[in-house]
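Inspection log for the structure reproduced underneath, given as structure tokens.
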Amino acid sequence: MVPEGSHVKSVYLTPTTGVLASNDLASKILLDCSTIDVSTSLAVRAAVAANHSNATFYDSPVSGGAIGAAKGTLTFMLGAASDDPNIALLTRLLKLMGSNIFPCGGPSFGLTAKLCNNYCSGLIAIAVSEAMNIGMASGMDPRVLANVFHTSTAQSSICDDWCPVPGLSPDAPASKGYQGGFRVQLMKKDFGLAVSAAKSAGVELALGEQGLKVYEETSEDPTCRDLDSRVVYRHLGGREDWRGDFPGEVEMKRDETRRLLRRGREVEENANK
């Protein structure tokens, strides 16, 4: 897993030191978990097929960030069909690192899924930040608003687990000075790749260009650069010292359905080992 398409090309295609410089890859499986542009991934896959016909290349980007990696709960989006001859082996391998493995249909579709996912989650983070700003500017306790979100139609993993407002999700990077998580520069990159993919597919985006502008500006903001992408809340003027105006205690409510379902899957998997 490396940051950009140029790095993937370097890893595989550098004439003397790249993976394809090997005399014989035999029937090796090459699994690339980078989030890059689709065209580069397909070009590397074609080069693998041309130079080592028995080797197989798969794109398999991930979601879940540093928290998911530490917990072994990453989601893998695998660029393969569900009936791929290697699917059982790939699933066993990836389940050592993740809890959700999705064959996405074929080559490069793992990347397509990842770009769509990050486009959506990036926009949700902006929307949550702006909605929280509206509430607090109107005099509303953000904890009460978060409780409404948790149990209503605004509910999402961004609200539950990655809330941009410090103090609302204790384990979220926002509550730790926006340290860790998914760097805002990477969100800018992935969001930009999603916008480019939309153009290539002939899809008109109502929010794409504006969302990309927000992440570009946040990436250049010296108070935000190198921090978790939910720091977009800070860039948009979000209040981080809100407790001074809302000193009382508020019990936080959450929709526990997803957590309980995940725990049930973990128990079942452990029982089957």
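Scanning segment 72-100 for residues that are in contact with a strand residue (DSSP E or B) (Cβ under 6 Å, 6 or more places away or on another chain), of a type in the set (Ser, Thr, Tyr) and not in a helix (DSSP H, G or I) gives THR73, THR75, SER82.
Please find, within segment 2-46, the residue that is nearest to THR91 (Cα to Cα) out of those that are exposed (fewer than 15 other Cβ atoms within 10 Å of the Cβ) and not polar (S, T, N, Q). Within segment 2-46, the match that is nearest to THR91 (Cα to Cα) is ILE29. Residues that are modelled with pLDDT of 95 or more and outside any helix (DSSP H, G or I) within segment 1-14 comprise just one, THR14. Considering (1) touching a residue at least 40 places away in the same chain (Cβ under 8 Å); (2) over 19 Å from THR35 (Cβ atoms), the lone condition that ASP221 does not fulfil carries the number (1).
The condition (being surrounded by fewer than 17 Cβ atoms within 10 Å (Cβ to Cβ), out of contact with any Cys (no Cβ under 8 Å at 6 or more places or on another chain) and closer than 24 Å to TYR119 by Cβ) is satisfied by just one residue among GLY64, GLY106: GLY106.
If only one of SER63, SER138, SER156 is among the polar types (S, T, N, Q) and at pLDDT 95 or above, which one is it? Going through SER63, SER138, SER156 in turn, just one is among the polar types (S, T, N, Q) and at pLDDT 95 or above: SER138. Per the listing VAL19, VAL48, VAL62, VAL44, the residue uniquely among the β-branched types (Val, Ile, Thr), touching a strand residue (DSSP E or B) at 6+ places or on another chain (Cβ under 8 Å) and under 30 Å from LEU236 (Cα atoms) is VAL62.
Among the residues of segment 26-68, the one identified as part of a strand (DSSP E or B), among the hydroxyl-bearing types (Ser, Thr, Tyr) and closer than 14 Å to GLY98 by Cβ is SER63. Residue check: LEU207 meets all listed conditions (1) in contact (Cβ under 8 Å) with a residue 12 or more places away in the chain; (2) surrounded by fewer than 16 Cβ atoms within 10 Å (Cβ to Cβ); (3) under 30 Å from VAL250 (Cα atoms) but one, namely (3).
The rows are residues; the columns are (1) of a type in the set (Gly, Ala, Ser); (2) at positive phi; (3) part of a helix (DSSP H, G or I).
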residue	(1), (2), (3)
ALA70	yes, no, yes
ALA113	yes, no, yes
ASN117	no, no, yes
ALA125	yes, no, yes
GLY139	yes, yes, no
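Within the set LEU115, LEU90, LEU74, the sole residue that is touching a residue at least 60 places away in the same chain (Cβ under 8 Å) and either charged (D, E, K, R) or under 30 Å from SER175 (Cα atoms) (or both) turns out to be LEU115.
Yes/no per residue for (1) over 19 Å from MET252 (Cβ atoms); (2) basic (Lys, Arg); (3) crowded, with 17+ Cβ neighbours inside 10 Å; (4) not assigned by TED's automatic domain parsing to the domain that holds LEU207:
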position	(1), (2), (3), (4)
ILE124	yes, no, yes, no
GLY139	yes, no, no, no
LEU145	no, no, yes, no
HIS150	no, no, yes, no
CYS159	no, no, yes, no
PRO173	no, no, yes, no
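Out of GLY167, GLY237, GLY181, GLY248, one residue alone is assigned to a loop (DSSP other than H, G, I, E, B), crowded, with 21+ Cβ neighbours inside 10 Å and not hydroxyl-bearing (Ser, Thr, Tyr). It is GLY181.
The values are calculated or read from the model by the stated rules, or taken from the named source; none is laboratory data. Note that the structure is predicted; figures quoted are calculated from it, not measured. When we count neighbours, we look across all protein chains shown, and the Cβ atoms used for this are built from the backbone with ideal geometry, even at glycine.
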